[in-house]
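Note sheet for the following structure.
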Amino acid sequence: MRKALIGLACLITTQTALVSAQVVPTTKPTCLFPASRTIACNQSNTGTLEFNDCNYSSNFQSYDYDFWTFTGGAGSYVAIYAETSDSFFNPRVAAYGPDGSLAGVGKDHLFDSSTDLLTGVLNANGTWTVMITSENPIIGSKEYYLEVQCSAVPPPQPPASPTQLAASTRSSTSIELSWQDNASNEDEYRIEVKTGESLFVDIGGVPTNTTSVNVTQLVPGTSYTFRVRARRSSAYSSYSNEATATTTPETAACVSSETVLCLDDTPGDKRFEVRVSYQTSQGGGLSGSGRAIPLSSLGVSQGGLFWFFSASNPELLVKVLNGCGSGGRYWVFFSAGTNVGFSLTVRDAHTGIVKTYTNPDRTPAAPVQDTNSPFVCD
């Protein structure tokens, strides 16, 4: 007989339908038979509405009623659902408060004339009464199904979506976001970012009513795409439009160190800064920064080596060559005799442009010959 279990998650209104007072009295009728039955919150039961049950007459029409009681607390969200296999039954549910006054009447049939639903928030503690009746006269007896569901709070509704998201570059490591706040009930705004063709990543939230934020600790000379959405409890709005901005290049000079290799374009200019980091699950898990081995003492100024685990065991050879006469770009070549995971980052100290190359852990590194690098000639 039952068409659907009406869960609280799908009840999104407390709308009450208007029905004739002929069908639902404004105060609970006093009846000796049948006695009220008890139904607990989040339970269901069945009953039978019969001719000459608790009776109420109006305008020469007689209506029969069954009554059920449940204990409810103020602020509780309640859904009362009735169903019958007989569409002529035309069920109607109503709720009366602890003081006997009418608190609400079901919608005008949830699925069809064989169902009815009442939702709302209780405004008092005590014993509440559910009344079920038929909008048509009862002849003989009619069975019905009744369900009462209760929740401490109604399911949250998603806040309105932010719009007009804009991104503007503030520095080599920060981008400012601004958007139109269209929500009145959000708990926070969540910010997501991606670079290139990667997936969006949630980078944190900002408080309610916020309309701008400065995103920091970004990589210089990198393009970032952002989107924002509002959150209320476990409910999220749809996303804003996407907005993209690029951090300004960092043009600080390359400074050689144990972990930084500076390579020349012209003798002594140290135009390209190279860093390497590694990580592997081998050997119980190892990670760190590659150690630079300059080769300038051998007259090699456009390339160098890095070692990971021992200075006597170089892992990687890298060089940056001037390919300006063949496409207007610098070429990045490197070859690694290792299968550990690593990232190699090259920065042009003249323009601030950065590119990172990666190798997955436990994968023999393939040689790289990047003749279409982002390092454009002057």
Discussion item. Checking S301 against (1) within 27 Å of E250 (Cα to Cα); (2) free of Cβ contacts under 8 Å to residues at least 12 places away in the same chain; (3) assigned to a loop (DSSP other than H, G, I, E, B), only one condition comes out false. Which one?
Written reply: (2)
Discussion item. Of the residues T129, T222, only one is touching a residue at least 60 places away in the same chain (Cβ under 8 Å), under 24 Å from A103 (Cα atoms) and either crowded, with 18+ Cβ neighbours inside 10 Å or over 19 Å from the mean Cα position of the chain (by Cα) (or both); which?
Written reply: T129
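Could you identify the single residue in T280, T266, T247 that is touching a Leu at 6+ places or on another chain (Cβ under 9 Å), at pLDDT below 95 and farther than 30 Å from T208 by Cα? Give the steps one after another, and end with the answer.
On the way: T266 fails: touching a Leu at 6+ places or on another chain (Cβ under 9 Å); T247 fails: farther than 30 Å from T208 by Cα.
Selected residue: T280, the only one of T280, T266, T247 that is touching a Leu at 6+ places or on another chain (Cβ under 9 Å), at pLDDT below 95 and farther than 30 Å from T208 by Cα.
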Item to complete: Output the number of residues of the range 308-356 satisfying the condition of being farther than 13 Å from F272 by Cβ, within 43 Å of the chain's Cα centre (by Cα), surrounded by fewer than 18 Cβ atoms within 10 Å (Cβ to Cβ) and without any contact (Cβ under 8 Å) to a residue 60 or more places away in the chain.
Response: 5
Discussion item. For the range 235-259, give me each residue that is under 26 Å from P156 (Cβ atoms) and loosely packed, with under 14 Cβ neighbours inside 10 Å.
Written reply: S238
Worksheet item: Where residues in the range 289-298 are assigned to a strand (DSSP E or B) and either in contact with an Asp or Glu (Cβ under 8 Å, 6 or more places away or on another chain) or among the small types (G, A, S) (or both), which of them is surrounded by the fewest Cβ atoms within 10 Å (Cβ to Cβ)?
Response: S289
Response to the item:
The condition of being small (G, A, S), in a loop (DSSP other than H, G, I, E, B) and within 17 Å of the chain's Cα centre (by Cα) holds, among S238, S172, S198, S184, only for S238
Worksheet item: Does the range 67-79 contain any residue that is at pLDDT 90 or above, under 39 Å from the mean Cα position of the chain (by Cα) and within 24 Å of E50 (Cβ to Cβ)?
Response: yes
Response to the item:
Counting only residues in the range 176-197 that are β-branched (V, I, T) and more than 20 Å from N209 (Cβ to Cβ), the one modelled with the lowest pLDDT is identified as T195
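The values are calculated or read from the model by the stated rules, or taken from the named source; none is laboratory data. Just so it is clear, the model here is predicted, and its values are computed rather than measured. Glycine also receives a Cβ, built like all others from the backbone with ideal geometry; neighbour counts cover every protein chain displayed.
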